[in-house]
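Data first, discussion second: the structure below is written as structure tokens.
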Amino acid sequence: MGKPSNLFSFGSSDELARNFRAYIVDAQNAALARHGQFRVAVSGGSLPKVLAQALLMNGSGTGDDVVQFDKWHIFFADERAVPLDHDDSNYRLLKDDLLDKIPAESGKPTVHPIDVTLLDDLQELADQYEKLLVQSFAARDSVRTPTFDLVLLGCGPDGHTCSLFPGHPALREQDAWVIPIDDSPKPPPKRVTLTLPVVTHALKIAFLATGEGKKEILHEIFDTDEGRALPSGLVNEAAQDRVSWFTDSAAVENVQFPSRQGSVI
Ligand code: 6PG
């Protein structure tokens, strides 16, 4: 048994955002010291909005607390098979919530969207995204699994994360880095997603889960064996203390697992 995942709960969205920022900037600074760029995978759902709140707020003013967007490489933990300007697109969500709001003087991140010329062939779409990861992370034959500096995840009310859904054969994928999903129970049905081995190989993994709607599923994931076998629970089990959950009081109301309040780092 290693160390369990970290469960942080905050009393207000501002406090959550400030701590989320500190955590992300810390991961960024460690990555820049290591290899001069910050490679992060982002999800859809409520994440982009909170990410924007965290990254665009005024920092503490200290030298370390600077978001160096020009050193960021942003990938998608999962993406829907739709055009990039479609309402369902996670790229579009990130663009509207964050990318378009980054002040010019902060620099622009390099963003890696899916190749929308391949929307008609989901397998090709996934293979192409995997190739893009291969180009960014080293040749497939020299690394078995890419190492993201940070993967940012959400958790659905059924315990799904990325586009990895409970009971789906995709959970058993051991080889591919990116796979197609054509039967997502959350619309739209057609998506591509990082696989569990890739997600859980990241140096750091953060979940964002807030609001009353998450209280049953967080209790299940943290306090029950059934929950530990759900996709989000499997991430906890595999990546242990490399995982940190950013939640609020409403979301952890039913959780018995020790949650920590206050500052993250
Ligand atoms: C997607 C997401 C998905 C999301 C969860 C949580 O594209 O559908 O990546 O995995 O993160 O469904 O969504 P909320 O944060 O909106 O609850």
Restricting the range 1-22 to residues that are open to solvent by 70 Å² or more (accessible area, probe 1.4 Å) and without any contact (Cβ under 8 Å) to a residue 60 or more places away in the chain, the one nearest to PHE207 (Cα to Cα) turns out to be ARG18
Between a first residue in the range 63-85 that is of a type in the set (Val, Ile, Thr) and a second residue that is in a loop (DSSP other than H, G, I, E, B) and within 16 Å of the ligand (Cβ to nearest atom), which pairs have beta carbons less than 7 Å apart while being 6 or more apart in sequence or on different chains?
ILE74/HIS112; VAL82/ASP88; VAL82/SER89; VAL82/PRO188
Collect the residues in the range 158-189 that are of a type in the set (A, V, I, L, M, F, W, C) and closer than 15 Å to GLU130 by Cα, keeping them in residue-number order.
ALA176, TRP177, VAL178, ILE179, ILE181
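Looking only at the range 53-71, decide whether some residue is within 16 Å of the ligand (Cβ to nearest atom) and open to solvent by 40 Å² or more (accessible area, probe 1.4 Å). So that I can check it myself, show each step before the final result.
Pass one, the range 53-71, residues within 16 Å of the ligand (Cβ to nearest atom): 53-54.
With open to solvent by 40 Å² or more (accessible area, probe 1.4 Å) added as a condition, the list becomes 53.
The answer is yes, given that some residue of the range 53-71 is within 16 Å of the ligand (Cβ to nearest atom) and open to solvent by 40 Å² or more (accessible area, probe 1.4 Å).
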Being open to solvent by 40 Å² or more (accessible area, probe 1.4 Å) and not in a helix (DSSP H, G or I) narrows it down to one of LYS108, LYS131, LYS95, so name that one.
LYS108
Pick from the range 208-265 the residues that are of a type in the set (A, V, I, L, M, F, W, C) and assigned to a helix (DSSP H, G or I): which of them is farthest from VAL42 (Cα to Cα)?
PHE222
Based on this model, can you work out whether ASP223 counts as open to solvent by 10 Å² or more (accessible area, probe 1.4 Å), of a type in the set (D, E, K, R) and within 15 Å of the ligand (Cβ to nearest atom)?
no
Among (1) closer than 19 Å to LEU122 by Cα; (2) open to solvent by 70 Å² or more (accessible area, probe 1.4 Å); (3) under 19 Å from the mean Cα position of the chain (by Cα), the one test that VAL178 misses
(2)
Search result, residues across the range 98-130 that are in contact (Cβ under 8 Å) with a residue 12 or more places away in the chain and of a type in the set (Ser, Thr, Tyr):
SER106, THR110, TYR129
May I ask you to verify whether ALA77 is at pLDDT 95 or above, crowded, with 16+ Cβ neighbours inside 10 Å and touching a Cys at 6+ places or on another chain (Cβ under 9 Å)?
yes
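The values are calculated or read from the model by the stated rules, or taken from the named source; none is laboratory data. Only a predicted model underlies this, so the values are computations on that prediction, with no experimental measurement involved. Positions of Cβ are generated from backbone atoms using ideal geometry, with glycine treated the same way; all protein chains shown enter the neighbour counts. Note: accessible area is taken over every heavy atom of the protein model, side chains too, but ligands, DNA and RNA are not part of it. Shrake-Rupley method; radii C 1.70, N 1.55, O 1.52, S 1.80 Å.
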